[in-house]
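Chemist: Structure provided below as structure tokens; questions to follow.
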Amino acid sequence: MIKRISVILLAIVLLATILPFGNIVLGDILWVKEFEYDSKLEDKEAFQGVCSDGTYLYAVDNHNIRKYNKSGTLQTATTGAYLEGTDMAQINSIYYHATDDRLYVGSSNYPIPPYLGYIKVFEASDLSYVEEHQVKNYWCEGCAFYDDAWWVTYHNWKYVSKYNTSWVWQADYALSFSSTHGYQGLVWIGDYLFANLHEGDPTNYCDVYKWNGSGFDEVVRLDRPTEDCTQGMGKEPGDNIMWWAERDLVESEGNIVKSYINGLPEVTTFNCTDETSTSFQANGEITNDGSATITTRGFYYTTVFDDFEWGEDEDPLSNSEGAIDWTDGSGGSSGAEIDTAYHYAGTRSARLYKDGTNNPEAYFSQTPLTPDQVIEFWFKKDTNVYAAFWHGDGTHYIRLTLHFDENIYYFYDGTNHDTGADILVDTWQLFSVRNVNWVAATYDIYLNDSIIKSGATMETSASYSGVIQFGNYAGTSEAWLDNVGVWDVEDESGSFGEGEYDLEISGLDPATTYYVRAFAKNEAGIGYGAVVMGVTSSVPVGYSWGVIIG
């Protein structure tokens, strides 16, 4: 009997060894969600730009630089900074570069043709002039440093130029959110470029783009802390604070506005441990609390997840080589297929291509969601898409309509109802349905982890019972899905900070692949870690293929 037990224990050890949990690398979500107004230093001549070196603030009007402490007391100022080097009509945004302790200031001959622009450099210590670098022949607004390169923006041109460290031009990249104007302030946070639309643009946003290695993807348009924060801005080194130049034309003041960068928690998922046939320990770490208290932390886990990392272009989803068993919803004529041209993460996504005639549809079987479960999917669309998502229990169904007017609707009583939220074109965005209540016939809709409709009403109908379905129904158009999942949740509530945590997840099936990711929630929303994948052991501890050990 001892020999038999040793063999069984060895088999369990081998299962844990050859079926380890591994990472699935997903794309990241921008953790910044809003700029929360904090306070204002009034009448500091900050008509054009502002930045911080961590101790002092530097403000720019049209002609000079002023250095203040953070209480707003003037320390020193230039006299005629715009005339240093090549005479310019004005100076604009200002950037502090910690590597050389210098200030880099955009300047131009605006509004005098021909267009000219320079970056003028000053010592941060005493504001003495150092040198200048000519940039492209547009009215230069400002610059910022990222990825061993300088990035320059312009008043009248909605592009950003890249220069090497010797100020030799490398390339120009379009910033596509803007329709008419250029940008004034630039701030990099990780791979994200925060570009502040210049005064006079019909919209009023700080636009966020993500650098993809060869260009910029649109991410989100964020409201500024005040309507008049239309000029340059600068991030506080080592802190989640953004300083803004506020041009108050009514009062003829150039104020310095302080805002907090409120954001999602940043979370890491570690490999699961202590796996048995029915449970494992999920492990995670909150590495950044987003400048707010964590109120919930835990783990999502599921067996229903597809990142579409299988197949080749135009392979139908009904080939179902992933963890979800897809069915073609249109009798074999569907354009629901694998696509390598676009993907939120990895190398592939699911394309819903309507060729002008056939409706691309795909669905999979799914027991009606419980109130504790979450359905999530990443979605990207072109201009003409009219897409929809359904899920029903035999009495009611949920329907989201992603309309070609860019509005997001929920469907009941035979018609679409506006959530008040918009979907961006050609941009990956995260949709989720939570708090499903089949008795009350309500559910909540989230976009990028922010709630856009609480208590949406379901349609009364037996259609779409026990399935989740996606489709695209407009003209000739394309939409894409990625990382579709139906998640269970194990979490805990309280008041938490940064650090590691773990929870036991039980009630699992033996010899089954699970997908697990850590998450944490603060007042700004939910931050996620990557997904880890693994397989529970085949036999319960104490059993061997139906034979009790003992």
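Chemist: Could you give me the residue pairs with C-beta distances under 6 Å whose first residue belongs to region 52-69 and is touching a residue at least 40 places away in the same chain (Cβ under 8 Å) and under 18 Å from THR230 (Cα atoms), whose second residue is charged (D, E, K, R) and assigned to a strand (DSSP E or B) wherever it lies, and which are 6+ apart or on separate chains?
Modeler: Here the result reads TYR58/LYS67; ALA59/ARG66, each pair linking region 52-69 to a residue that is charged (D, E, K, R) and assigned to a strand (DSSP E or B).
Chemist: Please tell me if TYR473 is out of contact with any helix residue (DSSP H, G or I) (no Cβ under 8 Å at 6 or more places or on another chain), of a type in the set (Ser, Thr, Tyr) and without any contact (Cβ under 8 Å) to a residue 40 or more places away in the chain.
Modeler: no
Chemist: Continuing with the same structure: Just name the residue that is surrounded by the fewest Cβ atoms within 10 Å (Cβ to Cβ) out of those in region 117-133 that are closer than 16 Å to HIS63 by Cα and in contact (Cβ under 8 Å) with a residue 24 or more places away in the chain.
Modeler: Among those that are closer than 16 Å to HIS63 by Cα and in contact (Cβ under 8 Å) with a residue 24 or more places away in the chain, it is TYR129.
Chemist: Could you go through region 242-254 and let me know if any residue there is of a type in the set (A, V, I, L, M, F, W, C), closer than 20 Å to ASP147 by Cα, touching a residue at least 60 places away in the same chain (Cβ under 8 Å) and in a strand (DSSP E or B).
Modeler: Checked region 242-254: no residue is of a type in the set (A, V, I, L, M, F, W, C), closer than 20 Å to ASP147 by Cα, touching a residue at least 60 places away in the same chain (Cβ under 8 Å) and in a strand (DSSP E or B).
Chemist: Which condition number in (1) at pLDDT below 95; (2) among the charged types (D, E, K, R); (3) in contact with an Asp or Glu (Cβ under 8 Å, 6 or more places away or on another chain) is the one that GLU285 fails?
Modeler: Status for GLU285: all satisfied but (1).
Chemist: Looking at TYR353, is it aromatic (Phe, Trp, Tyr), modelled with pLDDT under 95 and in a loop (DSSP other than H, G, I, E, B)?
Modeler: No, not satisfied.
Chemist: Among the residues of region 83-116, which ones are buried (at least 22 other Cβ atoms within 10 Å of the Cβ) and closer than 12 Å to HIS155 by Cβ?
Modeler: Answer for region 83-116, where residues must be buried (at least 22 other Cβ atoms within 10 Å of the Cβ) and closer than 12 Å to HIS155 by Cβ: ASN92, SER93, GLY106, SER107, SER108.
Chemist: Mind checking which pairs have a first residue in region 227-239 that is touching a residue at least 24 places away in the same chain (Cβ under 8 Å) and not assigned by TED's automatic domain parsing to the domain that holds GLY142 and a second that is crowded, with 21+ Cβ neighbours inside 10 Å and hydroxyl-bearing (Ser, Thr, Tyr), Cβ under 6 Å, 6 or more apart or different chains?
Modeler: Once the first residue is touching a residue at least 24 places away in the same chain (Cβ under 8 Å) and not assigned by TED's automatic domain parsing to the domain that holds GLY142 and sits in region 227-239, no partner that is crowded, with 21+ Cβ neighbours inside 10 Å and hydroxyl-bearing (Ser, Thr, Tyr) comes close enough.
Chemist: Related question: Could you tell me which residue of region 329-386 is farthest from the chain's Cα centre (by Cα), considering only residues that are within 22 Å of ASP488 (Cβ to Cβ) and among the β-branched types (Val, Ile, Thr)?
Modeler: THR367
Chemist: While we're here: Just for strands (runs of 3 or more DSSP E) wholly inside region 389-495: which have at least 2 residues that are within 28 Å of THR303 (Cβ to Cβ)?
Modeler: The qualifying strands (runs of 3 or more DSSP E) are 396-402, 429-437, 442-447, 450-457, 467-472.
Chemist: Identify, by number, the condition in (1) modelled with pLDDT of 95 or more; (2) assigned to a strand (DSSP E or B) that THR165 doesn't meet.
Modeler: Answer for THR165: the failing condition is (2).
Chemist: May I ask you to list the residues in region 361-388 that are assigned to a strand (DSSP E or B) and either outside the structural domain of TRP438 (by TED's automatic domain parsing) or among the acidic types (Asp, Glu) (or both)?
Modeler: Passing the criteria: GLU361, GLU376.
Chemist: Could you grab the pairs with beta carbons closer than 7 Å, sequence gap of 6+ or different chains, first residue in region 334-345 and under 15 Å from ASP306 (Cα atoms), second one crowded, with 21+ Cβ neighbours inside 10 Å and modelled with pLDDT under 90?
Modeler: Short answer, once both residue conditions are applied: TYR344/TRP428.
Chemist: While we're on this one: Within region 462-506, which residues are in the same structural domain as PHE377 (by TED's automatic domain parsing) and on the phi > 0 side of the Ramachandran plot?
Modeler: TYR464, GLY466, GLY475, ASN483
Chemist: May I ask you to say which residue of THR327, THR273, THR295 is surrounded by 15 or more Cβ atoms within 10 Å (Cβ to Cβ) and at pLDDT 90 or above?
Modeler: Testing whether each residue is surrounded by 15 or more Cβ atoms within 10 Å (Cβ to Cβ) and at pLDDT 90 or above leaves just THR327.
Chemist: On to the next question. Given the criterion part of a loop (DSSP other than H, G, I, E, B), over 21 Å from LEU41 (Cβ atoms) and more than 16 Å from the chain's Cα centre (by Cα), identify the matching residue among GLY213, GLY238.
Modeler: When all the criteria are applied, what remains is GLY213.
Chemist: How many of the residues making up region 134-176 are acidic (Asp, Glu) and within 22 Å of VAL219 (Cα to Cα)?
Modeler: Matching residues across region 134-176 total 2.
Chemist: Suppose we keep only residues that are part of a loop (DSSP other than H, G, I, E, B) and among the acidic types (Asp, Glu) within region 168-209. Which one would you say is modelled with the highest pLDDT?
Modeler: ASP191
Chemist: Hey, does region 419-428 have a residue that's under 23 Å from the mean Cα position of the chain (by Cα), assigned by TED's automatic domain parsing to the domain that holds THR457 and charged (D, E, K, R)?
Modeler: yes
The values are calculated or read from the model by the stated rules, or taken from the named source; none is laboratory data. For clarity, every value in this text was computed on a predicted model and none was experimentally measured. Note that we place each Cβ from the backbone using ideal geometry, even for glycine, and neighbour counts take in every protein chain shown.
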